[in-house]
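Encoded as structure tokens, the structure appears first; notes follow it.
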């Protein structure tokens, strides 16, 4: 029942399962549930969750006695602390403990699965999984837009913009931005091996499709989110620059806090300039929302929040935000999130969790010169994207791609010896034979 195997078919199934899990994290089935029902999404979500657990358990040893789900290592203390703090304060502060327990279990599983991936696959292999999952996600999105167009038009908030399987253009722009960046990192690592872009199947057609779709969504902020990390990847991605590596941990913490301060204090001074350009100095109402969130959270549950993933489900909590606006205005009825990752985490899990997140990233990127080259390239570029994206959008879902890849990035940054990454080569310990999958 539990045995080593060199079987290529089994290895192929393993790869397929990982791609399916990533596809679920990207947002599939999304609005397909309008076609096939909510049960369809429930089955896929829980199926991906169970597959994560199964893959971790079945690869934990060479015999039935070696099976374990968790193998705690000191180097991942930042990840353990973050999920531990979030879970603890959330279970204390939530009004719905049963739903909160499920949410936190999924978060913990996501973190453990991220560590499992980082310990058993090299960065380039994970990027390949992400790339193939993205191709599938793009295909099923286009099928939904064309074949099931009546469902697509019915549910779209912006009928003139491409939103794919999402409900709003910002979500699809963020996902496409992530996809473009992952392709850029994959290309960089491929070129570093002396190979060419043509060694990545359909690389340029896929990239062009992603650019077309993100432009069609009119979420051009997503291009900015991808462009800045890609620039860093190009100019700071040389192996010889080990001593010149960017202190990503400090950049993330300072950048995340400073952006909010600038948006609330300095940006309003430039209102005449924004008016002249026909732009909104409130960033489409975001700064007004952020002021209200800060005011509410300074007076209510400052340290613990209202439960991870629970604030916008708690009518009493949401009403505190709505009370700061006219009841007939959009903000007086809005329940779509804080549009800022740090503020969203504050609402849900308090300043204790924000502090834990900062510690996790700072701890992982201490002495960045000690991080293996490929791991640093992957991790630093992604965390920079996560910061930029988090300025204007939330990214705290318990199993969404942005959180999964944050944990993967942190795990890679914590592995200081590349030899500690043991590439999988066969299923259930996977035999340790190389079939070129890593």
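Brief remarks on what is shown
- Every test in (1) closer than 28 Å to residue 347 by Cβ; (2) modelled with pLDDT under 95 is passed by residue 100 save one, and that test is (2).
- Among the criteria (1) farther than 21 Å from residue 402 by Cβ; (2) at pLDDT 90 or above; (3) outside any helix (DSSP H, G or I), the one residue 159 does not fulfil is (2).
- For the stretch 333-354, the criterion of being within 18 Å of the chain's Cα centre (by Cα), more than 20 Å from residue 387 (Cβ to Cβ) and touching a residue at least 12 places away in the same chain (Cβ under 8 Å) is satisfied by at least one residue.
- With respect to the conditions (1) closer than 25 Å to residue 203 by Cα; (2) assigned to a helix (DSSP H, G or I); (3) modelled with pLDDT under 95, residue 140 falls short on a single one, namely (3).
- When residues of the stretch 305-317 are limited to those that are over 23 Å from the mean Cα position of the chain (by Cα) and part of a helix (DSSP H, G or I), the one surrounded by the most Cβ atoms within 10 Å (Cβ to Cβ): 317
- Restricted to the stretch 318-343, and to residues there that are touching a helix residue (DSSP H, G or I) at 6+ places or on another chain (Cβ under 8 Å) and assigned to a helix (DSSP H, G or I), the residue that is surrounded by the most Cβ atoms within 10 Å (Cβ to Cβ) is 341.
- Here the helices (runs of 4 or more DSSP H) wholly within the stretch 1-94 that include at least 3 residues being at pLDDT below 95 and within 30 Å of residue 318 (Cα to Cα) are 38-58.
- Residue identified as farther than 15 Å from residue 404 by Cβ, touching a residue at least 24 places away in the same chain (Cβ under 8 Å) and either out of contact with any strand residue (DSSP E or B) (no Cβ under 9 Å at 6 or more places or on another chain) or assigned to a helix (DSSP H, G or I) (or both) among 129, 152: 152
- Members of the stretch 281-304 found to be within 19 Å of residue 350 (Cβ to Cβ) and in a loop (DSSP other than H, G, I, E, B), listed by number: 300, 301, 302, 303, 304
- Annotation: of all residues in the stretch 345-367 being surrounded by fewer than 20 Cβ atoms within 10 Å (Cβ to Cβ) and more than 30 Å from residue 299 (Cβ to Cβ), the one that is modelled with the lowest pLDDT is 367.
- Selection within the stretch 366-388 - outside any helix (DSSP H, G or I), touching a residue at least 40 places away in the same chain (Cβ under 8 Å) and farther than 20 Å from residue 256 by Cα: 371, 372
- Residue in the stretch 266-286 that is surrounded by 18 or more Cβ atoms within 10 Å (Cβ to Cβ), modelled with pLDDT of 90 or more and farther than 23 Å from residue 370 by Cα present: yes
The values are calculated or read from the model by the stated rules, or taken from the named source; none is laboratory data. Computed from a predicted model, the values in this text were never measured in an experiment. Note that we place each Cβ from the backbone using ideal geometry, even for glycine, and neighbour counts take in every protein chain shown.
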